[in-house]
Amino acid sequence: MLELRNVSLNLDGTNGAGKEILRNVNLKLERGKLYAITGPNGGGKTSLAKVIMGIYTPSEGQVLLDGEDITCLGITERAHRGIAYGFQQPPRFKGLLVEEIMKIARPNLDTVQLRGYLRDVGLCPEDYLDRDLGPGLSGGEIKRIEVAQLLARNAPVTILDEPEAGVDLWTIQKLISIITKRYKGNSQGIAIVITHNEQFLPVCDEIILLAEGSVQERGTPEQIWPLIRDDIVCKMKGQCGGSVYGVQ
Ligand SMILES: Nc1ncnc2c1ncn2[C@@H]1O[C@H](COP(=O)(O)OP(=O)(O)OP(=O)(O)O)[C@@H](O)[C@H]1O
Ligand SMILES: [Mg+2]
(Lines give C-alpha, C1' and ligand atoms only; values in the text may rest on other atoms or scores of the structure.)
(Ligands and ions follow the chains in the order given, each with its own letter.)
Protein backbone atom coordinates (compact mmCIF):
# COMPACT_ATOMS: atom_id res chain seq x y z
CA MET A 1 0.00 0.00 0.00
CA LEU A 2 1.07 3.55 -0.75
CA GLU A 3 -0.05 6.03 1.83
CA LEU A 4 0.10 9.82 2.06
CA ARG A 5 -0.54 11.14 5.55
CA ASN A 6 -1.42 14.80 5.99
CA VAL A 7 0.90 15.81 3.14
CA SER A 8 1.33 19.53 2.54
CA LEU A 9 3.73 21.17 0.09
CA ASN A 10 4.90 24.76 0.03
CA LEU A 11 7.07 26.06 -2.80
CA ASP A 12 8.46 29.48 -3.57
CA GLY A 13 6.06 31.59 -5.62
CA THR A 14 7.18 33.99 -8.35
CA ASN A 15 7.81 36.83 -5.88
CA GLY A 16 9.72 34.54 -3.51
CA ALA A 17 6.72 34.25 -1.20
CA GLY A 18 5.77 30.74 -0.07
CA LYS A 19 2.95 29.20 -2.08
CA GLU A 20 0.79 26.39 -0.74
CA ILE A 21 0.68 23.77 -3.51
CA LEU A 22 -0.71 20.79 -1.57
CA ARG A 23 -2.78 21.00 1.57
CA ASN A 24 -3.31 18.16 4.01
CA VAL A 25 -3.56 15.36 1.44
CA ASN A 26 -4.53 11.98 2.87
CA LEU A 27 -4.61 9.00 0.51
CA LYS A 28 -4.34 5.24 0.82
CA LEU A 29 -3.74 3.45 -2.48
CA GLU A 30 -3.95 -0.33 -2.72
CA ARG A 31 -2.22 -2.86 -4.93
CA GLY A 32 -4.24 -4.24 -7.81
CA LYS A 33 -5.97 -0.96 -8.52
CA LEU A 34 -5.78 1.58 -11.30
CA TYR A 35 -6.38 5.09 -9.96
CA ALA A 36 -7.17 8.18 -12.00
CA ILE A 37 -6.23 11.58 -10.61
CA THR A 38 -7.99 14.42 -12.34
CA GLY A 39 -8.79 18.05 -11.60
CA PRO A 40 -8.30 21.60 -12.84
CA ASN A 41 -5.02 22.88 -14.27
CA GLY A 42 -2.78 23.99 -11.45
CA GLY A 43 -4.69 21.87 -8.90
CA GLY A 44 -1.56 20.05 -7.73
CA LYS A 45 -1.65 16.68 -9.58
CA THR A 46 1.90 16.78 -10.96
CA SER A 47 3.19 18.15 -7.65
CA LEU A 48 1.56 15.22 -5.84
CA ALA A 49 3.24 12.79 -8.28
CA LYS A 50 6.58 14.50 -7.63
CA VAL A 51 6.07 14.18 -3.86
CA ILE A 52 5.49 10.42 -4.31
CA MET A 53 8.58 10.13 -6.55
CA GLY A 54 10.74 12.15 -4.14
CA ILE A 55 11.33 15.07 -6.52
CA TYR A 56 9.60 17.37 -4.03
CA THR A 57 9.89 16.92 -0.27
CA PRO A 58 6.65 17.65 1.56
CA SER A 59 6.66 20.58 3.99
CA GLU A 60 4.54 18.48 6.32
CA GLY A 61 3.29 14.92 6.47
CA GLN A 62 4.59 11.51 5.48
CA VAL A 63 4.75 9.17 2.50
CA LEU A 64 4.67 5.46 3.34
CA LEU A 65 5.22 2.48 1.05
CA ASP A 66 4.11 -0.86 2.48
CA GLY A 67 4.31 0.65 5.96
CA GLU A 68 7.85 2.05 5.54
CA ASP A 69 8.23 5.80 5.93
CA ILE A 70 9.97 6.90 2.71
CA THR A 71 9.44 10.65 3.20
CA CYS A 72 13.16 11.34 3.53
CA LEU A 73 14.31 9.05 0.73
CA GLY A 74 15.60 10.52 -2.52
CA ILE A 75 14.51 9.73 -6.07
CA THR A 76 17.05 6.94 -6.63
CA GLU A 77 16.18 5.14 -3.41
CA ARG A 78 12.50 5.35 -4.24
CA ALA A 79 13.19 4.02 -7.73
CA HIS A 80 15.00 1.08 -6.13
CA ARG A 81 11.93 0.47 -3.97
CA GLY A 82 9.87 0.23 -7.15
CA ILE A 83 8.34 3.65 -7.75
CA ALA A 84 8.33 4.77 -11.39
CA TYR A 85 7.12 8.11 -12.75
CA GLY A 86 6.37 9.06 -16.34
CA PHE A 87 6.75 12.84 -16.59
CA GLN A 88 4.03 15.14 -17.92
CA GLN A 89 6.77 16.57 -20.13
CA PRO A 90 9.25 13.74 -20.65
CA PRO A 91 12.91 14.80 -20.64
CA ARG A 92 14.83 14.38 -23.92
CA PHE A 93 18.24 12.75 -23.85
CA LYS A 94 20.28 13.76 -26.88
CA GLY A 95 22.74 11.02 -27.83
CA LEU A 96 20.70 8.20 -26.26
CA LEU A 97 18.81 5.78 -28.51
CA VAL A 98 15.31 4.41 -27.98
CA GLU A 99 16.70 0.87 -27.68
CA GLU A 100 19.18 2.02 -25.03
CA ILE A 101 16.61 3.80 -22.86
CA MET A 102 14.32 0.76 -23.02
CA LYS A 103 17.19 -1.38 -21.73
CA ILE A 104 17.90 1.12 -18.96
CA ALA A 105 14.22 0.78 -17.95
CA ARG A 106 14.63 -3.01 -17.86
CA PRO A 107 18.17 -4.31 -18.39
CA ASN A 108 17.24 -7.97 -19.01
CA LEU A 109 14.75 -7.11 -21.73
CA ASP A 110 15.12 -9.38 -24.76
CA THR A 111 14.62 -8.12 -28.31
CA VAL A 112 11.19 -9.70 -28.75
CA GLN A 113 9.87 -8.08 -25.54
CA LEU A 114 11.45 -4.74 -26.38
CA ARG A 115 9.80 -4.68 -29.79
CA GLY A 116 6.51 -5.78 -28.22
CA TYR A 117 6.43 -2.80 -25.83
CA LEU A 118 7.00 -0.39 -28.69
CA ARG A 119 4.20 -2.03 -30.69
CA ASP A 120 1.93 -1.80 -27.60
CA VAL A 121 2.16 1.99 -27.82
CA GLY A 122 1.63 1.94 -31.59
CA LEU A 123 5.25 2.45 -32.68
CA CYS A 124 6.87 0.29 -35.34
CA PRO A 125 10.12 -1.01 -33.74
CA GLU A 126 11.99 -1.05 -37.06
CA ASP A 127 11.42 2.71 -37.36
CA TYR A 128 12.21 3.69 -33.78
CA LEU A 129 14.81 1.43 -32.13
CA ASP A 130 17.75 3.45 -33.43
CA ARG A 131 16.13 6.88 -33.12
CA ASP A 132 17.87 9.47 -30.94
CA LEU A 133 15.87 10.71 -27.90
CA GLY A 134 16.83 14.29 -28.65
CA PRO A 135 14.71 17.01 -30.23
CA GLY A 136 14.16 14.98 -33.42
CA LEU A 137 11.21 13.08 -31.94
CA SER A 138 7.76 14.65 -31.91
CA GLY A 139 5.87 15.33 -28.66
CA GLY A 140 3.53 12.38 -29.18
CA GLU A 141 6.38 10.04 -30.11
CA ILE A 142 8.43 10.88 -27.01
CA LYS A 143 5.34 10.46 -24.84
CA ARG A 144 4.62 7.02 -26.30
CA ILE A 145 8.26 5.95 -25.83
CA GLU A 146 8.02 6.97 -22.18
CA VAL A 147 4.88 4.85 -21.74
CA ALA A 148 6.68 1.91 -23.43
CA GLN A 149 9.54 2.33 -20.92
CA LEU A 150 7.12 2.21 -17.99
CA LEU A 151 5.36 -0.86 -19.39
CA ALA A 152 8.76 -2.54 -19.71
CA ARG A 153 9.78 -1.48 -16.22
CA ASN A 154 6.65 -3.06 -14.66
CA ALA A 155 7.28 -1.32 -11.33
CA PRO A 156 5.25 -2.00 -8.17
CA VAL A 157 4.13 1.66 -8.19
CA THR A 158 3.66 3.34 -11.57
CA ILE A 159 2.61 6.96 -12.01
CA LEU A 160 1.74 8.12 -15.54
CA ASP A 161 1.34 11.88 -15.81
CA GLU A 162 -1.05 12.53 -18.70
CA PRO A 163 0.14 9.56 -20.81
CA GLU A 164 -2.33 10.47 -23.54
CA ALA A 165 -1.17 14.10 -23.86
CA GLY A 166 -0.17 14.86 -27.44
CA VAL A 167 -1.03 11.33 -28.59
CA ASP A 168 -3.13 11.22 -31.77
CA LEU A 169 -6.81 10.27 -31.91
CA TRP A 170 -5.97 7.00 -33.69
CA THR A 171 -3.76 5.80 -30.83
CA ILE A 172 -5.37 7.10 -27.61
CA GLN A 173 -7.81 4.19 -27.34
CA LYS A 174 -5.01 1.65 -27.90
CA LEU A 175 -2.95 3.36 -25.19
CA ILE A 176 -5.86 3.36 -22.73
CA SER A 177 -6.53 -0.34 -23.46
CA ILE A 178 -2.92 -1.38 -22.95
CA ILE A 179 -2.57 0.61 -19.71
CA THR A 180 -5.87 -0.77 -18.39
CA LYS A 181 -4.96 -4.34 -19.37
CA ARG A 182 -1.56 -4.08 -17.72
CA TYR A 183 -2.47 -2.38 -14.46
CA LYS A 184 -6.12 -3.05 -13.63
CA GLY A 185 -6.44 -6.05 -11.33
CA ASN A 186 -2.65 -6.54 -11.30
CA SER A 187 -2.22 -7.59 -7.67
CA GLN A 188 1.52 -6.86 -7.89
CA GLY A 189 1.16 -3.15 -8.48
CA ILE A 190 -0.44 0.20 -7.88
CA ALA A 191 -0.99 2.40 -10.94
CA ILE A 192 -1.89 6.07 -10.92
CA VAL A 193 -2.87 7.81 -14.13
CA ILE A 194 -3.07 11.59 -14.05
CA THR A 195 -5.49 12.50 -16.80
CA HIS A 196 -7.87 15.03 -18.29
CA ASN A 197 -9.18 12.45 -20.74
CA GLU A 198 -12.87 11.56 -20.52
CA GLN A 199 -12.24 8.11 -22.01
CA PHE A 200 -9.72 7.20 -19.29
CA LEU A 201 -11.88 7.98 -16.26
CA PRO A 202 -14.58 5.29 -16.65
CA VAL A 203 -12.06 2.43 -17.01
CA CYS A 204 -10.20 3.23 -13.76
CA ASP A 205 -11.12 1.59 -10.45
CA GLU A 206 -11.27 4.91 -8.63
CA ILE A 207 -11.19 8.60 -9.47
CA ILE A 208 -9.47 11.07 -7.15
CA LEU A 209 -10.44 14.67 -7.80
CA LEU A 210 -7.66 17.01 -6.75
CA ALA A 211 -8.29 20.75 -6.82
CA GLU A 212 -6.73 23.71 -5.04
CA GLY A 213 -4.13 21.34 -3.57
CA SER A 214 -6.66 19.12 -1.79
CA VAL A 215 -8.51 15.89 -2.42
CA GLN A 216 -12.04 17.13 -3.06
CA GLU A 217 -13.69 13.84 -4.02
CA ARG A 218 -12.76 10.18 -4.25
CA GLY A 219 -14.78 7.19 -5.39
CA THR A 220 -15.76 4.94 -8.25
CA PRO A 221 -16.23 6.46 -11.72
CA GLU A 222 -20.01 6.03 -11.24
CA GLN A 223 -19.83 8.17 -8.08
CA ILE A 224 -17.38 10.84 -9.21
CA TRP A 225 -18.02 11.40 -12.92
CA PRO A 226 -21.57 12.82 -12.36
CA LEU A 227 -20.12 15.34 -9.89
CA ILE A 228 -17.50 16.45 -12.42
CA ARG A 229 -20.04 16.56 -15.27
CA ASP A 230 -22.45 18.68 -13.22
CA ASP A 231 -19.63 21.04 -12.27
CA ILE A 232 -18.61 21.43 -15.93
CA VAL A 233 -22.21 22.30 -16.85
CA CYS A 234 -22.46 24.71 -13.91
CA LYS A 235 -19.22 26.41 -14.93
CA MET A 236 -20.36 26.69 -18.56
CA LYS A 237 -23.64 28.29 -17.48
CA GLY A 238 -21.77 30.55 -15.11
CA GLN A 239 -24.12 29.48 -12.32
CA CYS A 240 -23.23 29.02 -8.65
CA GLY A 241 -20.39 31.52 -9.08
CA GLY A 242 -18.85 28.97 -11.47
CA SER A 243 -17.23 25.73 -10.39
CA VAL A 244 -17.47 24.35 -6.85
CA TYR A 245 -13.94 23.02 -7.37
CA GLY A 246 -12.48 26.46 -7.97
CA VAL A 247 -11.96 26.04 -11.74
CA GLN A 248 -10.99 29.41 -13.21
N1 LIG B 1 8.52 24.46 -8.76
C2 LIG B 1 7.47 25.26 -8.58
N3 LIG B 1 7.60 26.49 -8.05
C4 LIG B 1 6.54 27.31 -7.85
N5 LIG B 1 5.26 26.93 -8.12
C6 LIG B 1 5.07 25.72 -8.64
C7 LIG B 1 6.14 24.81 -8.90
N8 LIG B 1 5.64 23.66 -9.41
C9 LIG B 1 4.30 23.85 -9.50
N10 LIG B 1 3.97 25.07 -9.03
C11 LIG B 1 2.62 25.62 -8.95
O12 LIG B 1 1.85 24.68 -8.22
C13 LIG B 1 0.52 24.61 -8.72
C14 LIG B 1 0.23 23.16 -9.05
O15 LIG B 1 1.01 22.79 -10.16
P16 LIG B 1 0.93 21.34 -10.78
O17 LIG B 1 1.90 21.26 -11.89
O18 LIG B 1 1.04 20.34 -9.69
O19 LIG B 1 -0.59 21.34 -11.33
P20 LIG B 1 -1.36 20.25 -12.14
O21 LIG B 1 -2.59 19.88 -11.36
O22 LIG B 1 -0.46 19.14 -12.53
O23 LIG B 1 -1.83 21.07 -13.43
P24 LIG B 1 -1.98 20.63 -14.96
O25 LIG B 1 -3.34 19.96 -15.06
O26 LIG B 1 -1.96 21.93 -15.70
O27 LIG B 1 -0.85 19.74 -15.32
C28 LIG B 1 0.47 25.57 -9.90
O29 LIG B 1 -0.12 26.77 -9.48
C30 LIG B 1 1.93 25.75 -10.30
O31 LIG B 1 2.13 27.00 -10.88
MG1 LIG C 1 0.30 18.43 -14.28
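The values are calculated or read from the model by the stated rules, or taken from the named source; none is laboratory data. This one's a predicted model, so the numbers in the text were calculated from it and none came from an experiment. Cβ sites come from the backbone with ideal geometry, for glycine too, and all protein chains shown count toward neighbours.
Scanning segment 95-121 for residues that are surrounded by 19 or more Cβ atoms within 10 Å (Cβ to Cβ) and small (Gly, Ala, Ser) turns up just one, 105. State all residues of segment 75-123 that are more than 23 Å from residue 55 (Cα to Cα) and in contact with an Asp or Glu (Cβ under 6 Å, 6 or more places away or on another chain); if no residue qualifies, say none. Across segment 75-123, the qualifying residue is only 97.
Got at least one residue in segment 136-157 being modelled with pLDDT under 95, surrounded by fewer than 18 Cβ atoms within 10 Å (Cβ to Cβ), under 16 Å from the mean Cα position of the chain (by Cα) and not in a helix (DSSP H, G or I)? Yes, segment 136-157 contains a residue that is modelled with pLDDT under 95, surrounded by fewer than 18 Cβ atoms within 10 Å (Cβ to Cβ), under 16 Å from the mean Cα position of the chain (by Cα) and not in a helix (DSSP H, G or I).
What tally of residues in segment 58-93 results from selecting those that are polar (S, T, N, Q), free of Cβ contacts under 8 Å to residues at least 24 places away in the same chain and more than 13 Å from ligand 2 (Cβ to nearest atom)? Going through segment 58-93 one residue at a time, the tally reaches 2. When segment 56-94 is filtered for residues that are closer than 20 Å to residue 191 by Cα, touching a strand residue (DSSP E or B) at 6+ places or on another chain (Cβ under 8 Å), within 16 Å of ligand 1 (Cβ to nearest atom) and in a loop (DSSP other than H, G, I, E, B), the ones remaining, listed by number, are 56, 87, 88.
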